[in-house]
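This report refers to the structure that appears directly beneath it.
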Amino acid sequence: MGRSARKICWQSLRNGSGNSPPQDNVEGRSHRAFHIIIMANLINIDEHDTWKVQDATKLQAYMNCPRRYFFEYVLGWRSEIPNNHLEFGTAWHMAMEVFYEKGVSLESAAEGYKKFEEYYREQFDETWDEGNAPKNPGNALRALAQYVQTYQDLDDFEVLHIEVAGSVAIAPNKPIYFKTDTICRDDSGVFSLEHKTGSYFNTKWAAQWRQKMQVSVYSHVLFCLFEPDEVYGVKINGVFFANPPKYKANGEPYANSRDNEFHRVPVRKNIAAMQAWLVEVTRWYDMIQDDFNRLLSAKEEDEVLEAFPRNTESCTQYGPCPFLDYCSIWNNPIQYADSPPIGYRVEHWDPRKIPGVRETVEL
Ligand code: SF4
């Protein structure tokens, strides 16, 4: 990065100074937090390099349900059906990148749309557009023009960095991997502007960011890169997609008709909040390691898998869990781990391989 990275990180935040010198032993370069031994007993599970890599997505998944983490990130089972919300969100990020590199303007919107379309059409051809509405290319184009109208005059901040990725230590040899969208500076301080796409804006959506793991990771990165008193925090840059509103003959929109919406949610953390987060995230990190250790002593013939326990309160939290049919009858899923169920493939999420990264740091 153009600016030299300040590695105050975990230790100075823990002792509250925020000004300690760089800690040579916290760079996370050795990345030895997860000592996963060759799993002699688990002959039907291939050990994977990504088991040693944790990021906010994986930590959140583990916090929601350790057994689902096992299915998705230990076995690497993914649905073969592409997920429009995910792919649309990735394509939208590509368009946003143009705005914050070249300025929020109609010219950037046109260039951003080309990048959007190029990526999106690799995932979904035109036959999907109607079913994927309102998250489809036609509506993305409309939303990009509306984004310019909304933010062209408001976004007067300086953009310092775009698409920065890497790892940040939370304790010695305990790195968390991350990617931030845009690091900016204005009179309020340095902030991370993170693009999110949604379907409905409501208070629940806005409230979720206050304590979200992802936001704490972004904040930790900012506190490691800048002086604590320079850091403003994180701003969630939400865009909510709706089909074009329908109008009556007199030009008035029908009741309850919605249009695309744009909402930003600021989240600020002070040093005390970050100290508390470091303690808690380290605990979660260690719990994942403990579950890998339990997996080491598990056997196919065991009646029950103790590692990565089921959190049965999460099965229907965001719609039915995709693994519910299997999970509810497999008391020891390693007996079925040879190959994924029909409709699934093996693909391990690896935050070190996110496309479009421009700068890489180890903090
Ligand atoms: S069905 Fe429930 S317990 Fe099983 S993996 Fe899904 S969320 Fe976890």
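Quick note: the coordinates plus some simple rules give every number you see, no bench work behind them. All values derive from a computational prediction rather than experimental measurement. Here the Cβ positions follow ideal geometry from the backbone for every residue, glycine too, while neighbour counts run over all protein chains shown.
Using the structure shown, list the pairs from Lys114/Lys212; Lys114/Lys135; Lys102/Lys269 with a Cα-Cα distance above 23 Å, or answer none. Flagged as over cut-off: Lys114/Lys212; Lys102/Lys269.
When its C-alpha radius of gyration is set against 2.2 N^0.38 Å (N residues), the chain gives a value of 1.07. Anisotropy class assigned to the range 193-254 is prolate, per the alpha carbon gyration tensor with a/c at or over the 1.5 cut-off and a/b larger than b/c. If you look at the Cα atoms of the range 257-363, you get an Rg and a Dmax of 19.7, 57 Å.
Charges were assigned to the Cβ only: +1 to each Lys and Arg, -1 to each Asp and Glu. The resulting dipole of the chain about its Cα centre is roughly 820 debye. Take each peptide in 214-221, 265-272, count the other Cβ atoms within 10 Å of every residue, and average; sorted highest first, the result is 214-221, 265-272.
Seen from Thr182, the other residues with C-beta closer than 13 Å to its C-beta sum to a net charge of -2, counting Lys and Arg as +1 and Asp and Glu as -1. By the beta-carbon count within 10 Å of each Cβ, the least crowded to most crowded order of Ile288, Ile342, Ile329, fewest first, is Ile342, Ile329, Ile288.
Sorting the segments 139-147, 106-114 by their mean number of nearby beta carbons within 10 angstrom, highest to lowest, gives 139-147, 106-114. Arranged from fewest to most other beta-carbon atoms within 10 Å of their beta carbon, Ser314, Ser192, Ser199 become Ser199, Ser314, Ser192. Model label sites at Ala249 and Asp187, defined 7 Å from Cα along the beta-carbon direction, differ in position by 5.2 nm. When the P(r) is computed for the range 247-304, the part past 16 Å accounts for 73% of the Cα-Cα pairs. Using the rule -39500 (n - 2.57) for each DSSP H run of four or more residues, divided by the residues of the chain, the 222 nm mean residue ellipticity is -10500 deg cm²/dmol. By the beta-carbon count within 10 Å of each Cβ, the least crowded to most crowded order of Tyr200, Tyr120, Tyr326, fewest first, is Tyr200, Tyr326, Tyr120. Amide hydrogen proximity for Ile170: with H placed 1.01 Å from N in the peptide plane, the residues at 5 or more positions away or on another chain lying under 5 Å are Ile176. If the segment from Asn44 to Ala272 were pulled out straight at 0.36 nm per residue, it would be longer than the present Cα-Cα gap by 77.6 nm. Once the C-beta distance of Glu122 and Arg210 is scaled by a Förster radius of 45 Å, the resulting FRET efficiency is 0.80 to the nearest 0.05.
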